[in-house]
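Everything on this sheet refers to the single structure shown next.
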């Protein structure tokens, strides 16, 4: 399988190494070259410096048509965007976004993206060791809804020019202090 | 209207300020505590010092009753997630995102963000509008400055195409003397027929330029017409 990994932190580097050793075609991206020090010298995949939320960068890295894209950076939103780009623009097969905010993890699973939430995973790993009831927080959530990309045609490029929207004339309402 | 602004940079700050002055109800989310308290000092206690990308804090900020959510941070991925969470999780009727990378516009639009504002695209558009596409190019001033070396790029619509210099009424004091075709420069004789795509090199008095323009480019049409 062609597996693209965005973010070469501990999880990303470990995933890249293990999939590489299992014989998969692995492409790992990180915005910092220093991150690639985490990869073993035996790593045979591609390690590319670049922003995984930039469509051009992903294309240049060869992410188009990937069977799997894993977004494992430290930024929940970067992960969300990388996976959505992969589905919408790059024709990726399956994607997983690491989202540590449980609320966002659930919301994006409903929007059709598999999410993995460290918060729930760690807590429940500890709870099962301690014999305590599970937290109810999400761990790995498979997509429960259809992502837009599955329901629609791939979006057409180039995008129409953006026009400045005029701000509607204000109604006089007293400002409320929050 | 209740407007939730996320991102307390320059854009978010002035946006919140203007909205308040227009009488709207505003809440501003800014995750940097120092920046948040600075803004609160300036425009009052409408600032929530939390990350607007975090679902919990969006909820606490009253996202579910917002009429508009404007995501104006400097990071496209944050703005996308804020708008998607607002739209799909909190049922906000109108979401507006600032988009820095123009390439992201199609994705954002497709993923349901209602309105996109791309400063990059706007500035780009503005610059491109100001580049004259059907103009004479001034290459150099000659002599005491009363003469100019001019290049005219003959494009579709030019009255000179298919004609030779002797068929044109070249203003007095001007000479068409060379043509660049396919990267090769050749002398322009009175009977050389000019073609679309040619670059005609001329020397002329500065005051002849309008007439020269009419002959080689066409009647003056402003770029934004």
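In the range B:104-133, which residue that is over 25 Å from residue B:2 (Cα atoms) and crowded, with 19+ Cβ neighbours inside 10 Å is modelled with the lowest pLDDT?
As a first pass, look at the range B:104-133 and keep what is over 25 Å from residue B:2 (Cα atoms): B:104-107, B:110, B:120-133.
Within this subset, residues satisfying the condition of being crowded, with 19+ Cβ neighbours inside 10 Å are B:104-107, B:110, B:121.
On the way: B:104: 90, B:105: 88, B:106: 87, B:107: 89, B:110: 87, B:121: 83.
Only one residue tops the list, namely B:121.
Can you report the number of residues in the range B:55-74 which are crowded, with 19+ Cβ neighbours inside 10 Å and within 10 Å of chain A (Cβ to nearest Cβ)? Count: 6. Could you grab me the full set of residues in the range A:32-50 that are buried (at least 18 other Cβ atoms within 10 Å of the Cβ) and either within 12 Å of chain B (Cβ to nearest Cβ) or closer than 19 Å to residue B:103 by Cβ (or both)? Selection gives A:48 alone. At least 2 residues being within 26 Å of residue A:52 (Cβ to Cβ) is the threshold, and among the helices (runs of 4 or more DSSP H) wholly inside the range B:18-91 those reaching it are B:55-60, B:76-84.
The values are calculated or read from the model by the stated rules, or taken from the named source; none is laboratory data. Nothing here was measured: the structure is a model prediction, and the numbers come from that model. Every residue, glycine as well, gets a Cβ built from its backbone with ideal geometry; the counts of neighbours run over all protein chains shown.
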